[in-house]
Amino acid sequence: MAVAAQAIAELTALPDDAIAERIRAAKRALGDRLVVLAHHYQRNEVYRHADFTGDSLKLSRQAAGTEAEYIMFCGVHFMAEVADILTRPDQIVMIPDLAAGCSMADMANLANVARAWRELGEVIDVEADVTPATYINSAADLKAFCGSHGGIVCTSTNARKVFDWSFAQRPKVLFFPDQHLGRNTGYRMGIPLEQMVVWDYTQPRGGLTPEQIRDARVILWKGHCSVHQMFHPEQIDEFLAKYPDAQVISHPEASFEVCEKSHYVGSTEYIINTIANSAPGTRWLVGTELNLVNRLHEQFKGEGKAVHFMATTISMCSTMFRINPPQLLRALENLVDGNIVNQVRVAAHEAQPARLALERMFAVS
Ligand code: CIZ
Ligand code: SF4
């Protein structure tokens, strides 16, 4: 039996060291033909095999710049789609587990966004008045929707610049799928909370009155990240009562109340850099995904920095966690054997307008 044909169950039964060694051997065999990308939320056992690590913005730039024939994306599905959109047609993007999605991304889909656009159009002149902006955590067809309607993509790193661009085009923004990133970004640029309304896609006309729609500057999709909603302002209060000198840093996918109580708010890259550049002896409370926070704890304890996780329960991204070493190994050994498994491919009619929306983002960030 060929090694690559080994089932996941068999590979999972192997000792961790043996799996890691075989991953390294497969990577050596593939050489420059392969790059492995890993998002910050990946578990260490996968992260350590990456050629490049980063947030989705940095990784999408890496993917766009690589000459490698194969790109193995250890992250979630929308990230691999972005890599496919930005690479040449002859480059192949794969993900170790195709079921690694993003529950937030799934909260918006083309059918309900198109319906929202139509319903908004019954109240205002959408094409003239609204810039559709999607968080990168969304399916490719929603990026394509934005590209086709004069809109744009953002990540948590460039949301502010993308909002500035969006308002320079038209007076209102429809932002999906994360209401928290949208609200936190809008508020920080001086938009009052009452001018940001929530579009509940389960309700007719988003559950809003025509007047609310006409008065709104930002229409926020009713979506959220299940990981970042585990953080609460009371956790910050309790921590600061115990460690009054600590610094609090949160991801903008956390609620408005959590971000208001945090000293710093920003993307994973921002969180990593802020803690890296802090003084020895600093204590941090961090509101983002557990694998990243654990890595920061390990990385900086030698510098005397204490890094604590904000939630009181384990709050990991379960879809990121689907990517595990046996699956990475299976995909790589298949490649060594010439079998492409778990390819992520975006159809050309979606890729082209989606690329336009991504290029608008790159131009402003
Ligand atoms: O953009 C990303 O990579 C995500 C999902 C989080 C972050 O802030 O990096
Ligand atoms: Fe999606 Fe939240 Fe996981 Fe990020 S942490 S991939 S937003 S479910």
Inset, instruction - Hey, could you grab the Kirkwood Rh for the chain? Inverse mean 1/r over distinct alpha carbon pairs, Å, one decimal. - result: 21.4
Inset, instruction - For H308, list long-range residues whose amide hydrogen, built 1.01 Å from N in the peptide plane, is under 5 Å from its own amide hydrogen. - result: W284, L285, V286
Inset, instruction - Based on a Kirkwood Rh over C-alpha pairs, give the Stokes-Einstein translational diffusion coefficient of segment 228-309 at 25 °C and viscosity 0.890 mPa s in µm²/s. - result: 198
Legend entry - Modelled FRET efficiency - R0 45 Å, E234 with A18, Cβ distances, 0.05 increments: 0.50
Inset, instruction - Could you work out how far the C-alpha centroid of segment 26-80 sits from that of segment 229-284, in angstrom? - result: 28
Legend entry - In sequence order, calculated HN-Hα J values of segment 269-278 (Karplus, 6.51, -1.76, 1.60; Hz; x Gly/Pro): 4, 5, 4, 4, 5, 5, 5, 4, 8, 7
Inset, instruction - Set Lys and Arg Cβ to +1 and Asp and Glu Cβ to -1, take the dipole of the chain about its Cα centre, and tell me which of A68, V286, G147 lies farthest positive. - result: A68
Inset, instruction - Would you grab the residues whose amide H sits under 5 Å from the one on Y135? Only those 5+ places off in sequence or on another chain, please, with H modelled 1.01 Å from N. - result: C154, F176, D178
Legend entry - Selection of GluC sites (Glu not before Pro), segment 1-108, meeting DSSP coil and at most 12 other Cβ within 10 Å: E67
Legend entry - Taking the C-alpha atoms of segment 105-224, convex hull volume expressed per residue in Å³: 85
Legend entry - Under the Karplus curve 6.51 cos²θ - 1.76 cosθ + 1.60, θ = phi - 60°, whole-Hz ³J(HN,Hα) for segment 169-184, x wherever Gly or Pro sits: 7, 8, x, 10, 10, 9, 10, 9, x, 9, 4, 6, 4, x, 5, 4
Legend entry - Given K58/K261; K58/K305; K143/K222, the pairs whose alpha carbons are separated by over 24 Å: K58/K261; K58/K305
Legend entry - Electrostatic dipole magnitude of segment 189-230 [Cβ: Lys, Arg +1; Asp, Glu -1; Cα centre; debye, to 20]: 100
Inset, instruction - Give me T87, T312 ranked fewest to most by other Cβ atoms within 10 Å of their Cβ, as a rough exposure proxy. - result: T312, T87
Legend entry - Net charge dipole size for segment 105-224 [Lys, Arg +1 and Asp, Glu -1 on Cβ; Debye, nearest 20]: 300
Inset, instruction - Using θ = phi - 60° and the Karplus relation 6.51 cos²θ - 1.76 cosθ + 1.60, list the HN-Hα couplings for segment 323-338 in order, rounded to whole Hz, with x at every Gly or Pro. - result: 7, 10, x, x, 6, 4, 4, 4, 5, 5, 5, 4, 4, 4, 7, x
Legend entry - Partners for K242 among aspartates and glutamates (Cα-Cα distance below 17 Å; same-chain residues under 8 apart left out): E234
Inset, instruction - For an R0 of 51 angstrom, estimate the FRET efficiency from the Cβ-Cβ distance between A29 and T313 and round to the nearest 0.05. - result: 0.75
Legend entry - Amide H contacts under 5 Å for I124, placed H, 5+ residues apart: none
Inset, instruction - Given the peptides 189-197, 253-261, arrange them by the average over their residues of other C-beta atoms within 10 Å, most packed first. - result: 253-261, 189-197
Legend entry - Extension reserve of the D215-D129 stretch, reckoned as 0.36 nm per residue once the Cα distance is removed: 29.8 nm
Inset, instruction - List T319, T185 from most exposed to least, where exposure is judged by having the fewest other Cβ atoms within 10 Å. - result: T319, T185
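All of the numbers you see were taken from the coordinates with simple rules; none came from a lab. Everything numeric in this text was worked out from a predicted model, so none of it was measured. Glycine also receives a Cβ, built like all others from the backbone with ideal geometry; neighbour counts cover every protein chain displayed.
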